[in-house]
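Enquirer: This is the structure, below, for whatever I ask next.
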Amino acid sequence: MSRGGLPRFPKPPFPSQHPASAGRPNVFRHLLSTRILSDLHFGHPASYLTRLEMLAPLLEGVDHLVFNGDSVETRFAKTRPEGQERFARLQEFVARYSPATFLTGNHDPDITPLHHLDLAENSLFITHGDAFFPGISPWSRDAVALLRACTEALAALPPSPTLSERLAALRRAILTQEHIGPRPHHLARTRTLHGFVQEAWPPTRPFIMLQCWLTSARKAAAFAMNHRPDSRAVVMGHTHRAGIRKIGPRHIINTGSFLPYSGRLLVDLAGEELCIRRIDRRHDGFHPGAMVARVLLRDRPSR
Ligand SMILES: [Mn+2]
């Protein structure tokens, strides 16, 4: 079952369609709902998600789940086996509720060949978001090496690559750096003062991070304009800063993360409408919380 030490995953069933709509009459298709989550970082020492059961309230009552990257930690060769084992458990747990589509993130670049998803007749573009930044994570201590690997990977592509080819090349670039971690502070809980100082070092790092937070929505909008001109909304994660911005014709929705300090949102798609809700953390797990926005993916026909 394994190829080069990595498990082989079956082809995703319906990459551009609603998996739950398979075999059902078309008339029901628009009534089905998809819920998008991201950045669980299951297995990261600082993740609030410590037991899969904590996810249960978020998985109920929808027809299709999308996990938009960084679900687990498989980026580094040293800790990949545990990450793959956690991914298998996550898939098995989620499958009890609904069909799920997992997309890659920069922390789990190898878990599936799917790096993005277009839903609602291409009006909704979903991808982890690291491809919006040159060099994936400009705030990372390995930013220089990552940027070089990404530049080389993109330069080696044939002219006018598809979006899938482009994103796949960036995933391969991340995997060329699989030997660099995890560092000791990755393995400690970053909520301690020591961990926090480690995360914030060198002193330029918080500023680069702040700059990434401030510019990420613009970067997402520019990327979508180039690669998904028909999209009206982009759902991303990656920067661990939850929020919604409208830039030009597009809403840019960042679902944050399950790590501290970031905020967490979920996005529900039903028909041509997005409903964005907070994710509440309670003692027994994570729950859908208050609605923060509704986004229409098509203008209502004027009468
Ligand atoms: Mn992440």
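Enquirer: Restricted to region 222-242, and to residues that are buried (at least 21 other Cβ atoms within 10 Å of the Cβ) and among the small types (Gly, Ala, Ser), which residue is nearest to the ligand (Cβ to nearest atom)?
Expert: GLY237
Enquirer: Being on the phi < 0 side of the Ramachandran plot, crowded, with 19+ Cβ neighbours inside 10 Å and either among the basic types (Lys, Arg) or within 16 Å of the ligand (Cβ to nearest atom) (or both) is true for just one of LEU170, LEU65. Which residue is that?
Expert: The match here is LEU170.
Enquirer: Looking at region 264-275, which of the residues that are without any contact (Cβ under 8 Å) to a residue 40 or more places away in the chain and over 17 Å from ARG298 (Cβ atoms) is farthest from the ligand (Cβ to nearest atom)?
Expert: LEU265
Enquirer: While we're on this one: Write out, first by first residue and then by second, each pair whose Cβ atoms fall under 9 Å of each other, whose residues are 6+ apart or on separate chains, and whose first residue, in region 52-71, is touching a residue at least 60 places away in the same chain (Cβ under 8 Å) while the second is surrounded by fewer than 18 Cβ atoms within 10 Å (Cβ to Cβ) and in a helix (DSSP H, G or I).
Expert: Once the first residue is touching a residue at least 60 places away in the same chain (Cβ under 8 Å) and sits in region 52-71, its partners that are surrounded by fewer than 18 Cβ atoms within 10 Å (Cβ to Cβ) and in a helix (DSSP H, G or I) give GLU53/PHE93; LEU55/PHE93; ALA56/PHE93.
Enquirer: Give me the strands (runs of 3 or more DSSP E) completely within region 207-303, filtered to those with at least 2 residues that are farther than 18 Å from GLU121 by Cβ, ordered by residue number.
Expert: 243-247, 250-254, 265-270, 273-282, 285-296
Enquirer: Another one. Would you check which residues across region 244-263 are more than 12 Å from the ligand (Cβ to nearest atom), of a type outside the set (A, V, I, L, M, F, W, C) and buried (at least 18 other Cβ atoms within 10 Å of the Cβ) and list them?
Expert: ARG250, HIS251
Every number in this text was worked out from the coordinates using simple rules, so none of it is lab data. Everything numeric here is computed off the predicted structure, so don't read it as measured data. All Cβ positions, glycine included, derive from the backbone under ideal geometry; neighbour counts span all protein chains shown.
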